[in-house]
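Here the structure comes first, spelled out in structure tokens, and everything after it is commentary.
The values are calculated or read from the model by the stated rules, or taken from the named source; none is laboratory data. Model, not experiment: these values are computed from the prediction. FYI the Cβ positions are ideal-geometry reconstructions off the backbone, even for glycines, and counts take in every protein chain you see. Only protein heavy atoms, including side chains, enter the accessible area calculation; ligands, DNA and RNA are left aside. Shrake-Rupley method; radii C 1.70, N 1.55, O 1.52, S 1.80 Å.
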Amino acid sequence: MRVLEAEFVQGFMRMADDGWQQGWHERNGGNLSYRMKAEDVAQVKEELHPAEWREIGTNVPDLAGEYFLVTGSGKYFRNVSIKPEDSFCIIEVDDKGENYRICWGLVNGGRPTSELPSHLMNHEVKKRVSGGKHRVIYHAHPANTIALTFVLPLTDEAFTRELWEMATECPVVFPGGIGVVPWMVPGGREIAVETSKLMEQYDVAIWAHHGMFCSGEDFDLTFGLMHTVEKSAEILVKVLSMTQTKRQTITPDMFRDLARDFKVTLPEKFLFEK
Ligand code: 13P
Ligand code: ZN
């Protein structure tokens, strides 16, 4: 089958379009990767033509031999579905998890996203902790979430609790909470290590003054997660624009009632008294 006709590639392109339409991908901002299933690889095998091996810039031994669909560095999300062969690629990871090679795409040259170390280290953690279920890592620059990193304390507790409070469904959508990475230089191994540590327990990591990473099982769940967090951040920005003190809000006991009825576990560390 042609790569561009495969359902997983269609889903990847639709997600990129959706993110662009949300306004989360100015210029080349953001990047997306999908860990391919064995049947995905088999489906498009005849179109895969491996180029030379290149260094990933970090070690991901538990991803040895895996294939990924990943956006290119410097490529624009608004072009993903218009110029797919130019905008993203399929890569294969070598048997040590140290190198990758492009097997399809990026026909006009280039390389996978500069955040490849973060994507692959997050995939490695999520593959392990989800029992292989998580396949999508998504990085975007949603404005409201970024705005909050200038006014809230840069702690997992502050972000999780404030964003849970802004919409009743939030604790159900991200019951594990949200991790926060302080400002760091993007694009390297160091920020990838810090982000992947947070991915041990969270599906969402916020990069201060930069953006957000989400992990999920498929395109719908991962896009929906980013969308839910950013919507909640938008409500908080509106509230903080009106007042510094909320007249009423959702209390810790209300969250406990919600957790019981919706059968989710909400860590007590986020249900502190304020
Ligand atoms: P890339 O164009 O290399 O994917 O970088 C965009 C980005 O958002 C960096 O954090
Ligand atoms: Zn970014």
Restricting to segment 1-36, what's the tally of residues that are assigned to a loop (DSSP other than H, G, I, E, B), open to solvent by less than 80 Å² (accessible area, probe 1.4 Å) and not aromatic (Phe, Trp, Tyr)? 7
So, first residue closer than 17 Å to residue 135 by Cβ and open to solvent by less than 50 Å² (accessible area, probe 1.4 Å) in segment 55-84, second residue part of a loop (DSSP other than H, G, I, E, B) and within 12 Å of ligand 1 (Cβ to nearest atom), Cβ within less than 9 Å, six or more apart or across chains; the pairs are 70/113; 71/28; 71/30; 71/80; 71/113
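Okay, residues lined up against (1) polar (S, T, N, Q); (2) buried (at least 18 other Cβ atoms within 10 Å of the Cβ); (3) within 16 Å of ligand 1 (Cβ to nearest atom); (4) closer than 20 Å to residue 115 by Cβ:
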site: 205; (1), (2), (3), (4): no, yes, yes, yes
site: 209; (1), (2), (3), (4): no, no, yes, yes
site: 216; (1), (2), (3), (4): no, yes, no, yes
site: 226; (1), (2), (3), (4): no, yes, yes, yes
site: 233; (1), (2), (3), (4): no, yes, no, no
site: 255; (1), (2), (3), (4): no, yes, no, no
site: 273; (1), (2), (3), (4): no, no, no, no
Go through 145, 160 for me and flag whichever is within 16 Å of ligand 2 (Cβ to nearest atom), part of a helix (DSSP H, G or I), touching a residue at least 40 places away in the same chain (Cβ under 8 Å) and of a type in the set (Ser, Thr, Tyr). 145
Tell me yes or no: at least one residue of segment 5-13 is over 16 Å from the mean Cα position of the chain (by Cα), touching a residue at least 60 places away in the same chain (Cβ under 8 Å) and more than 14 Å from ligand 1 (Cβ to nearest atom). yes
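Residues checked against (1) more than 16 Å from residue 30 (Cβ to Cβ); (2) within 20 Å of the chain's Cα centre (by Cα):
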site: 147; (1), (2): yes, yes
site: 179; (1), (2): yes, yes
site: 195; (1), (2): no, yes
site: 209; (1), (2): no, yes
site: 216; (1), (2): no, yes
site: 221; (1), (2): yes, yes
site: 225; (1), (2): no, yes
site: 232; (1), (2): yes, yes
site: 245; (1), (2): yes, no
What are the residues in segment 104-142 that are part of a loop (DSSP other than H, G, I, E, B), within 16 Å of ligand 1 (Cβ to nearest atom) and not acidic (Asp, Glu), if any? 106, 108, 109, 110, 111, 113, 114, 141, 142
